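Shown next, in structure tokens, is the structure this report addresses.
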Amino acid sequence: MRPEQIVEAILFASDAPLRAEEIARADEALDEDQVEVAIQQLRQLYLESERAFDLVEVAGGHQLLTRPEFAGYLERFDTIPRPSRLSGPALETLAIIAYRQPIGRLEVEYVRGVGASGVIRTLQERGLVDVVGRGEGIGRPLLYGTTQRFLEHFGFESMESLPRPDELPVVLRDRSMTILPDESPEDPDQEELPLDDPTGEHR
Amino acid sequence: MATNSASTFAPADDGVYVIEIERFHGPLDLLLHLIRQQDIDVFDIPIARITRQFLEAIQGIGPGDLDQAGEFLEMAATLIRIKAQLLLPRPESDDDEDPRAELVRRLLEYEQIREISQRLERAEADRARRRVRGYVPPRPRAVVEETPLETTWDEVYEAALGVSLPESRVSEHRVTPRTVSMDSRVALILDRLGRGAGLPFTSFLGAGENRMHGVMTLLAGLELTRRRAIFLRQTAPFHELWLYRREDDDPEVLAEEEPA
């Protein structure tokens, strides 16, 4: 059996992304480089033969996924798992945890201005966040962080795939920056605000 | 995600703004909406005006949701405190921060979180268009036929009262000393079991003895089985468990020792 066949069989049968070194453990004669080569060959093969699926890099691993253009055909089948979608509050909470991890519940609540225990529990049950440690202070609060499952859920290759805070178009900031110099050029409070450090401490 | 569309915030006939409070994810969401909608400079928020609009908006919160009301009221209190601080004469030191600064920081930060969560939502939608090879975890099929509910509301209520709440994930594990020792139960079993005779498991449990006695008796039975002093019999699942004194010349017992 050729390496690319072995790799293909493993990726076909796995329901989570696998890293090259994990796949290489399938056989003693197989090493990580061979797996990487095999993955490239398979990707090329699927492309040339116009398969309805391809090999995608997700959460640091490789996964066989159908191509997005076939989504419409798959939706009406009960036998095809339907991906779950998160609510607005769940997404906001997840955004805070993703960018501030490790972070405690009280901090999450301060940023959103609302209670977060229910949402965090739901996210934890769905494996998107987990307890990653305990903070200092009264009661040594639980600290949360995102999981591998988080990357898989959003199809991110790694945490670096998340949008960088400085590339976000923030309306309030943009508008204020253009208005401020004309209206109140000498406003001393302007410098007090953490304009360039939106990810820094908020206290 | 777009909870605050233009229709939720429109001047009514009498010029009063009408806001559907349920549409907002929280007080910061509402505040952000008020500021954006009126093109307010976030670094020079007219606190009195915003506070009034904010208080008007939260009039609609019903008494049914105290948690939500609390969150909005906390923000209202913050706004009023900021206004009070602005009215007080401020010392002429340069490093004194504008009372509004912390609020502005939170608003900017919250807006950024909103933006990120919208990006996440788009990424989620894109990812949802790709599917893994169809593995669906087997779902338990409901085989129970529909039966009419032959019970009274009082019985349902009583049953509901008896349901204990699920324990929290971070539960404390209490270590308590065993009130019954296994050795005492081992002695009891050996004492009561005559040669060759069998006794039902329940006969070892006296009146007034609790679950711990049952557990320790079962453990003692298993331990004695391991020591090959007794053997256990049960004709069917959930039936009575019988304990027998083991005799080495018992042909049946010897036969069981043969590897299959």
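What nm value, rounded to one decimal, do you get for the distance between B:Leu190 and B:Glu240 when each label is placed 7 Å out toward the C-beta?
Going from the B:Leu190 label point to the B:Glu240 one covers 2.6 nm.
Computed FRET efficiency, Cβ-Cβ of B:Glu102 and A:Glu136, R0 25 Å: what is it to the nearest 0.05?
Values: r = 22 Å, r/R0 = 0.89.
FRET efficiency, B:Glu102 to A:Glu136: 0.65.
Viscosity 1.002 mPa s, temperature 20 °C: give me the Stokes-Einstein translational D for segment A:88-162 in µm²/s, with Rh taken as the Kirkwood radius over C-alpha pairs.
173 µm²/s
Treating only the Cβ of Lys, Arg, Asp and Glu as charged (+1, +1, -1, -1), what charge dipole size does segment A:88-162 show about its Cα centre? Round to the nearest 20 debye. The partial results should precede the final answer.
Numbers: 8 positive and 9 negative charges, 55 e Å.
Charge dipole of segment A:88-162: 260 debye, to the nearest 20.
Could you run the Karplus curve 6.51 cos²θ - 1.76 cosθ + 1.60 with θ = phi - 60° over segment B:211-217 and give me ³J(HN,Hα) per residue in whole Hz, x for Gly and Pro?
Once θ is set to phi - 60°, the couplings for segment B:211-217 become 4, 4, 4, x, 4, 5, 5 Hz.
Mind jotting down the three principal axis lengths of segment A:21-87 based on Cα atoms? Whole angstrom, largest first.
Result, largest extent first: 43, 31, 20 Å.
If each of A:Val37 and B:Val215 carries a label point 7 Å out from its Cα toward its Cβ, how far apart are those two points in nm?
Result: 5.9 nm between the two label points.
Values quoted throughout were computed directly from the atomic coordinates according to the rules given, and no laboratory measurement underlies them. Quantities reported herein were computed from a predicted structural model and do not represent experimental measurements. Note that we place each Cβ from the backbone using ideal geometry, even for glycine, and neighbour counts take in every protein chain shown.
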